[in-house]
Amino acid sequence: MTSRFSPSPVVLTSSLFSILFIGSLTVLGLYASPALSAQSNAETRPGVIQFVSSKNSRVVFQQAQDIPMIDLAIEIDAGRRWDPEGLEGLADLTSQLVMTGVRSQDNRPALSESEIGEVWADLAIEQSVSTSRDRVSLRFRFLSDPKVRDAALALIARVLAEPSIAESVFERERASSAAGFKESLARPQTLATRALWQAMYPGHPYGALVSEASLNALSRDQLVAFHGFYWKPERMSLAIVGDLRLAEAKQLVERVQGLMDAGTSERDKTLAALTNFRSSLGPAPKPPLSGQAIRIEHPASQAHIWMGLPVLARHEVDDYFPLLVANHILGGGGFVSRLTKEIREKRGMAYSVFSAVQPLAQTGPFFLGLQTQRDQAAEALKVVNETLTDFISKGPTEEELAAAKKNLIGGFALRLDSNRKLIDNLAAIQFYRLPANYLETWTDRIELVTQEDIQNVLNQRFGGRGMATVIVAGSPSPSP
């Protein structure tokens, strides 16, 4: 789930800025610290810098002075894989509601959903939150002007440490989530991907599925407990890109986490015990030795085919680059991929067919998908399997390898052509504990991939294992 972005930052006149700034600090119940920009202008360090906060959060910082903005990413190891059994959907709902209000604490007044929304708007702060299987991702963007920065950090600090979710807001959003979930079950793609994840990860949190029953079982107390148990500094990693120096970046992190307690309180432990929270995930999932075929009846005009297999964890960097190149050749390269040539160009069975690699904290999947006419589903699946088998056994040609490497290297700059893209990459590097020079060496690692590398990784990751296959379609049309 992802919240909508607030309006883009605006340039404030001095009088309007004073009104908004003073009003925001009054509502926040905090005062601005001395301007962080008072540090020496001589302290300018180019390049990506990593450090650890006083509360044991990993941080990566990249100075970017081209525009007077700061982008802040906070990744929290509190994704869906931590949902307690029977309470699937708790991680999503927690992250969805955590920015809807803050409680009264010490001399800091409470903020309701509407009041906190006004502060976001007054300060022109862009903010979003999303939840995936591995992590919760918070994004904030605000002006680097010290006054705006101080007010923004004060609010973010309170959101992280002092959320207050009104019962009425909780009930409204839970009902909305349940309605959206029920509506999604009418879509063939939803049915296919749900069945595929469950087939790929039986008995593992990655394969756990939200349900109407699990959403109805959620309570506000469980949400508060989940936040208290998992939203801790030691489970966070941060990325900062913007118009500030290293010393300022370090102070920024301390300000953001200044109201947070490290560890888990006794109250949180008690609530966690009642909700059966996970303290660990156990061993990594093991790919099944044989594929599983699942057919789901649906009145859609086309058959939706999805295939998948757990293959790679994100930290397995040495195998990641050969697999990335291999995937580009097979189905990730768009119209130049093998699957597109076999399925679309030669046989006209589908407009598009794709493959993708999604490495996760634990072994993540390789995906393959397409849509085709119902009466062509069996033949299309046969062609896909034959193409995949041939590619795994023989690997790419020299021409395919050279073209794939050229395309990937040529497109690398587009992955970093804005501060938002850069911070997303840096956030992933920190969360998954990738090498500090990951971006610097990315193109070199692609260039060094050989046919032998690809053949080895295909044999190791795919050999002897069958793909889980899901087909969502109605019965084929009868022959005339």
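The values are calculated or read from the model by the stated rules, or taken from the named source; none is laboratory data. Since this is a predicted model, take the numbers as computed values, not measurements. For neighbour counting, all protein chains shown are included, and Cβ atoms are generated from backbone atoms with ideal geometry for every residue, glycine included.
Quick grid of which residues meet (1) surrounded by fewer than 16 Cβ atoms within 10 Å (Cβ to Cβ); (2) farther than 30 Å from residue 143 by Cα; (3) touching a Lys or Arg at 6+ places or on another chain (Cβ under 7 Å); (4) of a type outside the set (Asp, Glu):
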residue	(1), (2), (3), (4)
200	no, yes, no, yes
214	no, yes, no, yes
232	no, no, no, yes
240	no, no, no, yes
273	yes, yes, no, yes
295	yes, yes, no, yes
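Condition test on residue 203, is it part of a loop (DSSP other than H, G, I, E, B), of a type outside the set (Ser, Thr, Tyr) and out of contact with any helix residue (DSSP H, G or I) (no Cβ under 9 Å at 6 or more places or on another chain)?
So residue 203 fits the description; yes.
Spot the failing condition for residue 404; the list is (1) at pLDDT below 95; (2) surrounded by 17 or more Cβ atoms within 10 Å (Cβ to Cβ); (3) touching a Gly at 6+ places or on another chain (Cβ under 7 Å), and only one is missed.
All conditions are met except number (1).
If residue 88 passes every condition in (1) assigned to a loop (DSSP other than H, G, I, E, B); (2) buried (at least 22 other Cβ atoms within 10 Å of the Cβ); (3) at pLDDT 95 or above but one, which one does it miss?
With (1) assigned to a loop (DSSP other than H, G, I, E, B); (2) buried (at least 22 other Cβ atoms within 10 Å of the Cβ); (3) at pLDDT 95 or above applied to residue 88, the lone miss is (2).
For the list (1) assigned to a helix (DSSP H, G or I); (2) modelled with pLDDT under 95; (3) buried (at least 20 other Cβ atoms within 10 Å of the Cβ); (4) of a type in the set (A, V, I, L, M, F, W, C), I need the number of the one condition that residue 277 fails.
(1)
In the range 206-223, what residues are in contact with a helix residue (DSSP H, G or I) (Cβ under 7 Å, 6 or more places away or on another chain), touching a residue at least 60 places away in the same chain (Cβ under 8 Å), under 23 Å from residue 179 (Cβ atoms) and in a helix (DSSP H, G or I)?
Correct list: 215, 222, 223.
Would the range 333-351 turn up any residue that is outside any strand (DSSP E or B) and closer than 24 Å to residue 201 by Cα?
No, the range 333-351 contains no residue that is outside any strand (DSSP E or B) and closer than 24 Å to residue 201 by Cα.
Within the range 301-318, can one find any residue that is surrounded by 17 or more Cβ atoms within 10 Å (Cβ to Cβ) and of a type in the set (Asp, Glu)? Steps first, answer last, please.
Taking the range 301-318 as the starting set, the residues that turn out to be surrounded by 17 or more Cβ atoms within 10 Å (Cβ to Cβ) are 302-314.
Filter once more, so that each one left must be of a type in the set (Asp, Glu): none.
Within the range 301-318 (the criterion being surrounded by 17 or more Cβ atoms within 10 Å (Cβ to Cβ) and of a type in the set (Asp, Glu)), the answer is no, since none of the residues qualifies.
Need the failing condition index for residue 133 against (1) in contact with a Lys or Arg (Cβ under 6 Å, 6 or more places away or on another chain); (2) surrounded by fewer than 22 Cβ atoms within 10 Å (Cβ to Cβ); (3) not in a loop (DSSP other than H, G, I, E, B), just the number.
(3)
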